[in-house]
Amino acid sequence: MAKSEECLICKEPLVYLNEAINMKCYICGREELSTAKCKSGHFVCDKCHGSGVPLIKEICINSNSKNPIEITEEIMSKSFIHMHGPEHHVLVGSALLTAYKNSGGNIDLRKSLEEMEKRGSQVPGGTCGFWGACGASISLGIFISIITGATPLTNNPWKLSNLATSKALTKVSEIGGPRCCKRNSFIAIETAINFVEDNMGIKMENESIKCKFKEKNNQCIKNRCPYYN
């Protein structure tokens, strides 16, 4: 039986291509280059796939939690967050910004979340396989970039944003594929908690993670995943 990670239109399995081709989104009709469609030929663009992304900001604005894992799981439980998809590229950094602010971080949360949405939405789906850089790890890097004010011309902030991303990517790569947006999001969050305490002196709350989404993942790696049991 097809699971919720598959085609949003017909629930058929997705097919990934070796090269990007021009496709027309079944929902909005917009044409763009993509490397993914379902077996029946349906293509859904990243914007339509992540149509609920603006709601992430509102959940975060109304959260008092200092625990980015708790915030992440709350957002992941919403129907607009699919098993896999580019919405995780905004989700990770948004949860971290919220917990960081609530733990004493000196940021304008709404403004920071708006910037996170802009930047994270530019990271397309499938970057883990096609770019060699998991979007959840990139979202962590965006988070660090926002709170430190990093630009391509800064010194230490530039260093920290790249270092944080690399630490998460190392952990992601050590486990191996296939991808799981939930697993990789949790890895990025756990990496961030330690990184922020070590480098910014802000201690966010933490907790052990037990995956609540494994039954929805056709490619779950089970006992190879640190969150499976």
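Any read-out appearing in this document is the output of simple, stated calculations on the displayed coordinates, not a laboratory observation. Note that the coordinates shown come from a computational prediction; the quantities given were computed from them, not determined experimentally. Neighbour counts run over all protein chains shown; Cβ positions are idealised from the backbone, glycine included.
Exposure proxy shown here: for T98, T151, T35, the number of other Cβ atoms within 10 Å sets the order, fewest to most, as T151, T35, T98. Each Lys and Arg adds +1 at its Cβ and each Asp and Glu adds -1 at its Cβ; summed about the Cα centre, segment 1-111 shows a dipole of about 200 debye. Footprinting exposure proxy ranking of L14, L160, L97, L91, fewest other C-beta atoms within 10 angstrom first, gives L14, L160, L97, L91.
Taking the centroid of alpha carbons for each part, segment 84-126 and segment 168-229 are 17 Å apart. Positive end of the dipole of segment 87-213 (Cβ unit charges, origin at the Cα centre): among G93, L153, I202, the Cα lying farthest that way belongs to G93.
Amide H to amide H, with H built 1.01 Å from N, V15 comes under 5 Å of K37, C38, K39, counting only residues 5 or more places away or on other chains.
So how do K57, K210 line up by other beta-carbon neighbours within 10 Å, fewest first?
So the residues, fewest neighbours to most, are K210, K57.
Converting phi to 3J(HN,Hα) with the Karplus coefficients 6.51, -1.76 and 1.60 and the offset θ = phi - 60°, segment 161-177 yields 5, 6, 5, 4, 4, 5, 5, 5, 4, 4, 5, 4, 5, 5, 6, x, x Hz in sequence order, with x at every glycine or proline.
Each residue of segment 180-189 is assigned a 3J(HN,Hα), and the resulting list reads 8, 5, 6, 4, 5, 5, 5, 4, 4, 5 Hz, derived from the Karplus form 6.51 cos²θ - 1.76 cosθ + 1.60 (θ = phi - 60°), x at Gly and Pro. Phi angles across segment 26-32 convert, under the Karplus curve 6.51 cos²θ - 1.76 cosθ + 1.60 with θ = phi - 60°, into 3J(HN,Hα) values of 5, 8, 9, x, 6, 9, 7 Hz, Gly and Pro given as x. The dipole here belongs to the chain: it is taken about the Cα centre, uses +1 on the Cβ of Lys and Arg and -1 on the Cβ of Asp and Glu, and is about 340 debye.
Please compare each pair in K66/K167; K39/K167; K37/K182; K171/K214; K66/K214 to a cut-off of 30 Å on the Cα-Cα distance and tell me which ones are over it. Pairs exceeding 30 Å: K39/K167.
Taken along its three principal axes, the alpha carbon spread of segment 125-174 comes to 29, 21, 15 Å, from the longest extent down to the shortest. For the pair K171 and I61, the difference between a 0.36 nm per residue extended length and the Cα-Cα distance amounts to 36.6 nm.
Calculated on the Cα set of segment 1-49, radius of gyration then Dmax: 10.2, 30 Å. Against the compact-protein benchmark of 2.2 N^0.38 Å, the Cα-based radius of gyration of segment 1-88 scales to 1.25. Between Q122 and E12, full extension at 0.36 nm per residue minus the direct alpha carbon distance yields a gain of 37.0 nm.
Each of I27 and N218 was given a label point 7 Å from its Cα along the Cα-to-Cβ line. The distance between the two points is 1.9 nm.
Taking each residue as 0.36 nm, the span from A20 to N199 lengthens on full extension beyond its C-alpha to C-alpha distance by 60.5 nm. Shape analysis of the chain based on the Cα gyration tensor places the equivalent ellipsoid semi-axes at 28, 19, 17 Å, largest first. Of the residues S77, F43, T191, the one whose Cα sits farthest towards the positive end of the charge dipole of the chain is F43 (charges of +1 on Lys and Arg Cβ, -1 on Asp and Glu Cβ, taken about the Cα centre).
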